[in-house]
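Colleague: Mind having a look at this structure? Questions to follow.
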Protein chains: 2
Amino acid sequence: MDIGALLTSAGINVAICVVLLSLYSILRKQPSNVSVYFMRRLISEQIKPDHFGIERLVPSASWIVRAWQATNEDILAAGGVDALVFLRIVVFSIRIFIIAAMICVFLVLPVNYYGQEMEHKKIHAESLEVFTIGNVKEGSKWFWTHCLALYVISSSACVLLYFEYKSITKMRLAHITGSPVNPSHFTVLVRGIPWSRDHSYSKTVENFFSTYYPASYVSHQMVYRASRVDKLMKDAEKMYRVLKSIESQRKDSYMPCCLCGGTTHSFKALNIEAESVKSKTSGDGLQPSQREKLEKERPAAFVFFRTRYDAVVAAQVLLSSNPMLWVTQLAPEPNDVYWSNLSIPYKQVWLRKIATLLGAIVFMFVFLLPVTFVQGLTQLDQLRQTFPFLRGLLKHKFMNQLVTGYLPSVILMLFMYAVPPTMMLFSTIEGVVSRSERKRSACIKVLYFTIWNVFFVNVLSGSIIRQLNVFSSVRDIPTQLAKAVPTQATFFTTYVLTSGWASLSCEVIQLFPFFCNWFKRFILRKQEEPCSSTALTFPHHTEIPRLLLFGLLGFTCSIMAPLILPFLLVYFFLAFLVYRNQILNVYVPKYESGGLFWPIVHNTTIFSLVLTQVIALGVFGIKRSPVASGFTIPLIFLTLLFNEYCRQRFSPVFKRSPAQVLKEKDRQDENLGRAEEIYKLLQTAYCQFPLLSPDLTISQGPSTSQELSMPGNSGQNKDHESSKDPESPNPGNQLVKLNEK
Amino acid sequence: MDIGALLTSAGINVAICVVLLSLYSILRKQPSNVSVYFMRRLISEQIKPDHFGIERLVPSASWIVRAWQATNEDILAAGGVDALVFLRIVVFSIRIFIIAAMICVFLVLPVNYYGQEMEHKKIHAESLEVFTIGNVKEGSKWFWTHCLALYVISSSACVLLYFEYKSITKMRLAHITGSPVNPSHFTVLVRGIPWSRDHSYSKTVENFFSTYYPASYVSHQMVYRASRVDKLMKDAEKMYRVLKSIESQRKDSYMPCCLCGGTTHSFKALNIEAESVKSKTSGDGLQPSQREKLEKERPAAFVFFRTRYDAVVAAQVLLSSNPMLWVTQLAPEPNDVYWSNLSIPYKQVWLRKIATLLGAIVFMFVFLLPVTFVQGLTQLDQLRQTFPFLRGLLKHKFMNQLVTGYLPSVILMLFMYAVPPTMMLFSTIEGVVSRSERKRSACIKVLYFTIWNVFFVNVLSGSIIRQLNVFSSVRDIPTQLAKAVPTQATFFTTYVLTSGWASLSCEVIQLFPFFCNWFKRFILRKQEEPCSSTALTFPHHTEIPRLLLFGLLGFTCSIMAPLILPFLLVYFFLAFLVYRNQILNVYVPKYESGGLFWPIVHNTTIFSLVLTQVIALGVFGIKRSPVASGFTIPLIFLTLLFNEYCRQRFSPVFKRSPAQVLKEKDRQDENLGRAEEIYKLLQTAYCQFPLLSPDLTISQGPSTSQELSMPGNSGQNKDHESSKDPESPNPGNQLVKLNEK
């Protein structure tokens, strides 16, 4: 591939980006798309549609300006700590790759270009390989520039990482201390409650905690098995939704459902009736319904404590001498709870984890097939041999460039779209108890998957994968990588152009929700109300691995093939704007992990750095530059030492909440006399089967539920990134049992 | 090597064992050796020397009978939980190798022997290789016997391991609940106390804990830097010891020092004077001595809590938002504290750990040199080439057998004696805070070292080590092992004979202490009193790795070369008797880890099992038995799954104390009204600079210090397995500061 082909590829992508972004700037102004492009603001700020004007049809860059001008406070208010942490990844990447681009383009690139005595062609016909380290002749004295660049990049990355980790740790602590009363801070999720012949699980929990935590135990709430009745109720709710949407179509206005209280009257009346029937039957002794309730109890419960510190202690201490019983952890936020996994017996969890791990590994290797096929496309000769009928087509120079420069990464990208849902499914089966944890677990799986399948398989596929011999020669891997990475740099550059730039355009234009909305609105002629249950949450599990993969490509290619860096910088700048815009306008933060994604980012970046250094070591070895090799080894060691330091210094805060901070916060509450208020809040916070699902019940407006401005104390919201959710809000089956002490 | 040579080797070793054991049975009856062979009983039971009689000079087996008859309660009383856990290793090994021997000798051995159509020689001239799996012809249908044996051994090992883990967990819990008031249960060791310009460290600790733990904090005690004065004091103490020993020589009796109160008067008087001088100067304001004291404070302290549960909470919870500050852990027992490491700043600890890890790895590889030399000795032809002058000698058949069958393992054994002290040194540098932890850390290092240098290097040295290529072919390792293990089985059999049997004889006869005692008594003519400070503690760090190594050899050779099993069983039987005898009579338990060694044993056994299965897989692959290979793979998977289960089910109890148990215990104490008693005990429990070192101070007899029968509340005892102890008990510098709340 030569500079010309690269520019063709870049041109196509720039054109696509410009078209898509212009299209976006028009589409976002159309009132019919408000629920696609302004979902978050629609729910929280109640924006009103503009009137028609000519400016609606003219592309504009106003959204870019707005995204640029938003402050950290705006982002925090709109997307929470997780959104801010996500943007820190982009900012970190921009910073480090500006440094890398400066040193690599002005120092390393000339050394590579003039590395061999050769006749240079005209620049646009020059092969890309002339710009890689492969062009520097063996034993050259100029390898010190590469080594210096490696030192500068590694050390500035470490310094930046340190300050990021520090500031995110602070942010996390501020999130704990600064946030208003959060019921999850007072609640411990207990699993593995031992079965007793004499008592119900609920009684066992009460006995245990009132014996061992008499001073701090407030009450508890059991987890129940979802029954057939619940499913009927769910269907009834769906029915109601359909009816309601028809009704609201007549009104033809964009009033969010959270304000239209009047429409739920009939349903409510019905429900009150059901409630009264229930209270009659449960009046005398152990009625069948109550017995059924006991049978439906699962060995898991939310236990509420008097203070945050008490909850943290109960969550961190080993309670029972059998570590499979009375297993505690801090409860997830009410909206974050993944109820259906709570009924999984704790004894199964470790088995499920192993099974999904194996499943994910098998999936990773099965996926090799499409990847090796894609890899074949870049090798034109092989392609001609395999598909003789393409020969005529491939004679055209443009087609040739298109096929080698563009098609492979598009195919790969399409395949990659199937990965996140699969990994999400694996994480669901794994038995995690919260949606944010599921997303984090899926994020890690997608990350491993992406790095393995995009980076390693592409790099190593040449000779090794075909014999499935990867593990047979551990010691040769640096050399193999060193041989392969510079030659694969071309592919990675086009990958940044296609997968990177195009994916950002797709992200901003929200293709799938856009078409869904369009289909519903203009084909089905029904009008869905923009409720928080249909809103999307930020897809951390797809976006973080993507950013980290580009980081990895940037680091590994930086000194080998510095031409990738400008394209990467454009990607990160665009990402900065696009994600800010999306966080401000589109995604609704339903739950919050408090920056728990950062350790993943940190570790991956360190991995990328060390991998870069190992590859550089291999290259210096091949190119016979003992001095450069000698200087690289201590760098690897120092980077690992830095990582270990960060692990000691910062990561414990991401695993356990510090007692000091919580005690201070408890004392504040005590001084303000908020105890009663908090206990009242706790009783209604966790609701497995809300009387009505949230967007039907909070009809009296968000003001009541947000008195203490906690993130949604009205039960569970649907999470639309996975539709494998067997238990969604079920109206009319109020099984919450609170044992007030 | 043939059966004849093996029997020669066995004969030599049986003879050595019989001679040494007979010698032991005579030596132990001599009054002059009481302090060598009955140290524990001398200290705890005050036995009296027998009168002279002819039976003193006749070997007898009475010690075997007594060791056999001792009950678990006796062992627990004599050696604590750790001793009992140690003996469980031996019992487990005996059980599993009886099963392995049964199935391998009666089923596998005949299959191996008749595995090929060949003419068998007379049995004593038969090569040992005829008895290994190497003798079975390729593609034989009889490999199902090996596979069956593997299944039987693996499954019975897992079942036994499960019950052992379960019973040891129970034992550990019983140790926590059953033991009388132990100050370490109420004490938390705090490190990384932040430096403050305004206060001393002591004040900072007091402020912190009285702010955040007002209800449960009792008092604290700082750790001080040892100064020059302390060292002078130490020298003075040594001087005093010499003088005292001369004095006691005149008495010529075996009264333990703990009963001879009269002799310390003069020293005591001096000390009281020093004390009075000190109290005068510190009377008015901040005297120079006090200022000096402040300067000597280190950022570490023992903090005492009101209940066990409070201490456990403070130890398990993350206290500060900076995880490098206010680092807590449950304090070690008073005698177990390794004071000099407490002054190491906590920030250094992780660096020290990495440094010692690297040091230990380098040491492991440098050690390859003697091992490869030893390996050369078993290959006779190579030996003849290297040392031509030996040719004449090696022509004798007996010399030949001696050199190939005996010499290599003796040389290896001698080299191995240098390893434990080195690893102990590494563990000291590592910065551990207790002696038992140091021993455990050294135990793990010695274990890795032994398994690597005895097993892997010997097995793989043939072709791979010489090119230092071990890591270049990970996938070939099973095949390499499968080729090498059966041929190396001969070496391992002789290794069991020499290193195993002989080491037990040496262990029982206590060569080094015996000669020291003899030298002191009959050359220097001085008579040392048997005090607990000169007594030896059980050398877990050398004995556990040895037992586990023999376990590993047994497992890996069991189906490959079953001839090793009878010799191994004899070893374990002998070990059972010898170690019981030593625990009952010789070693003094100064501190207690409560069975923390077991997880190491469990993990190593699982490793041995999996290694055996992997090697078997390799062998079945080489021998072209796809059915046997096919059945082995699920076995590996099941074994790993079992290990994971045990990790989930049992290991947390070995890391954290369960709250339920501690709360029960606290409630008992409360009901008995022992609070005051306990606080009093806590104030004197931890003593960095005892007024006089323990064996000089406890002259009033052990009754006072054992009122609450805690394991030695009288300060620190010297630990004689390492002489690199820069800070030993220093008399006359009482710097204990107790801030009563």
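Colleague: Any residue at all in segment B:86-102 that's closer than 26 Å to B:V570 by Cα and without any contact (Cβ under 8 Å) to a residue 40 or more places away in the chain?
Modeller: Here is the first cut: in segment B:86-102, the residues closer than 26 Å to B:V570 by Cα are B:86-102.
Of the ones still in play, those that are also without any contact (Cβ under 8 Å) to a residue 40 or more places away in the chain are B:102.
Among the residues of segment B:86-102, at least one is closer than 26 Å to B:V570 by Cα and without any contact (Cβ under 8 Å) to a residue 40 or more places away in the chain, which makes the answer yes.
Colleague: Considering each residue of segment B:342-371, count those that are within 12 Å of another protein chain (Cβ to nearest Cβ) and among the polar types (S, T, N, Q), and give that number.
Modeller: Of the residues in segment B:342-371, 1 are within 12 Å of another protein chain (Cβ to nearest Cβ) and among the polar types (S, T, N, Q).
Colleague: Which residues, taken from segment B:629-661, are surrounded by fewer than 15 Cβ atoms within 10 Å (Cβ to Cβ) and farther than 30 Å from B:A482 by Cβ?
Modeller: Scanning segment B:629-661 gives a single hit, B:K655.
Colleague: All but one of (1) modelled with pLDDT of 85 or more; (2) crowded, with 20+ Cβ neighbours inside 10 Å; (3) under 30 Å from B:V601 (Cβ atoms) hold for B:F143; state the number of the condition that does not hold.
Modeller: (3)
Colleague: Right, next: Test A:P626 against the stated conditions and say whether it is surrounded by fewer than 18 Cβ atoms within 10 Å (Cβ to Cβ), more than 8 Å from chain B (Cβ to nearest Cβ), modelled with pLDDT of 90 or more and within 30 Å of A:W144 (Cα to Cα). First the steps, then the outcome.
Modeller: Working: surrounded by fewer than 18 Cβ atoms within 10 Å (Cβ to Cβ): yes; more than 8 Å from chain B (Cβ to nearest Cβ): yes; modelled with pLDDT of 90 or more: no; within 30 Å of A:W144 (Cα to Cα): yes.
So A:P626 fails the test.
Colleague: Does A:V337 satisfy the criteria of being modelled with pLDDT of 80 or more and buried (at least 17 other Cβ atoms within 10 Å of the Cβ)?
Modeller: Numbers: modelled with pLDDT of 80 or more: yes; buried (at least 17 other Cβ atoms within 10 Å of the Cβ): yes.
When the stated conditions are applied, A:V337 passes them.
Colleague: Filter segment A:629-656 down to the residues that are closer than 30 Å to A:V188 by Cα and within 7 Å of chain B (Cβ to nearest Cβ) and list them by number. I'd like the intermediate steps shown before the answer.
Modeller: Initially, segment A:629-656 is screened for residues closer than 30 Å to A:V188 by Cα, giving A:646-656.
Within segment A:629-656, A:Q648, A:R649, A:P652, A:V653, A:R656 meet the criteria.
Colleague: A follow-up question, please. Which of the following residues is crowded, with 17+ Cβ neighbours inside 10 Å, of a type outside the set (S, T, N, Q) and in contact with a Ser or Thr (Cβ under 7 Å, 6 or more places away or on another chain): B:I89, B:I103, B:I96, B:I75? Before you say what the answer is, go through the steps one by one.
Modeller: On the way: B:I89 fails: in contact with a Ser or Thr (Cβ under 7 Å, 6 or more places away or on another chain); B:I103 fails: in contact with a Ser or Thr (Cβ under 7 Å, 6 or more places away or on another chain); B:I75 fails: in contact with a Ser or Thr (Cβ under 7 Å, 6 or more places away or on another chain).
It is B:I96.
Colleague: In segment A:181-212, which residues are in contact with a Ser or Thr (Cβ under 9 Å, 6 or more places away or on another chain), in contact (Cβ under 8 Å) with a residue 40 or more places away in the chain and part of a loop (DSSP other than H, G, I, E, B)?
Modeller: Residues satisfying the conditions are A:V181, A:G192, A:I193, A:P194, A:W195.
Colleague: I want to confirm something. Restricting to segment B:302-327 and keeping residues that are under 29 Å from the mean Cα position of the chain (by Cα) and surrounded by fewer than 24 Cβ atoms within 10 Å (Cβ to Cβ), which single residue is nearest to the other protein chains (Cβ to nearest Cβ)?
Modeller: Filtering first and then ranking leaves B:Q316.
Colleague: Another one. What single numbered condition from (1) touching a Leu at 6+ places or on another chain (Cβ under 7 Å); (2) under 23 Å from B:I622 (Cα atoms); (3) charged (D, E, K, R) fails to hold for B:R95?
Modeller: It fails just one condition, (2).
Colleague: Just the residues that are loosely packed, with under 15 Cβ neighbours inside 10 Å and either of a type in the set (V, I, T) or within 12 Å of chain B (Cβ to nearest Cβ) (or both), please, taken from segment A:667-684.
Modeller: Result: A:R667, single match.
Colleague: Which one of these does A:P59 not meet: (1) modelled with pLDDT under 85; (2) assigned to a helix (DSSP H, G or I)?
Modeller: Among (1) modelled with pLDDT under 85; (2) assigned to a helix (DSSP H, G or I), A:P59 violates only (2).
Colleague: Shifting gears a bit: Take the conditions part of a loop (DSSP other than H, G, I, E, B) and either touching a Cys at 6+ places or on another chain (Cβ under 6 Å) or polar (S, T, N, Q) (or both) and apply them to A:S593. Does it pass?
Modeller: Working: part of a loop (DSSP other than H, G, I, E, B): yes; either touching a Cys at 6+ places or on another chain (Cβ under 6 Å) or polar (S, T, N, Q) (or both): yes.
Taking the combined requirement at face value, the residue satisfies it.
Colleague: Within segment A:168-180, is even one residue within 13 Å of chain B (Cβ to nearest Cβ), surrounded by fewer than 21 Cβ atoms within 10 Å (Cβ to Cβ) and assigned to a loop (DSSP other than H, G, I, E, B)?
Modeller: No, that holds for no residue.
Colleague: Continuing with the same structure: Does segment A:63-84 contain any residue that is hydroxyl-bearing (S, T, Y) and at pLDDT below 85?
Modeller: The initial filter retains those residues of segment A:63-84 that are hydroxyl-bearing (S, T, Y), namely A:71.
From what's left, at pLDDT below 85: none.
There is no residue in segment A:63-84 that is hydroxyl-bearing (S, T, Y) and at pLDDT below 85.
Colleague: For segment A:660-669, does any single residue satisfy the condition of being outside any helix (DSSP H, G or I), closer than 26 Å to A:E437 by Cβ and of a type outside the set (S, T, Y)?
Modeller: In the first step, residues of segment A:660-669 are kept if they are outside any helix (DSSP H, G or I); the result is none.
No: zero hits.
Colleague: Kindly establish whether B:E664 is surrounded by fewer than 20 Cβ atoms within 10 Å (Cβ to Cβ), within 14 Å of another protein chain (Cβ to nearest Cβ) and of a type outside the set (A, V, I, L, M, F, W, C).
Modeller: Working: surrounded by fewer than 20 Cβ atoms within 10 Å (Cβ to Cβ): yes; within 14 Å of another protein chain (Cβ to nearest Cβ): yes; of a type outside the set (A, V, I, L, M, F, W, C): yes.
So B:E664 fits the description; yes.
The values are calculated or read from the model by the stated rules, or taken from the named source; none is laboratory data. Just so you know, these numbers come straight off a predicted model, no measurement behind them. Here the Cβ is made from the backbone with ideal geometry for all residues, glycine too, and neighbour counts use every protein chain on show.
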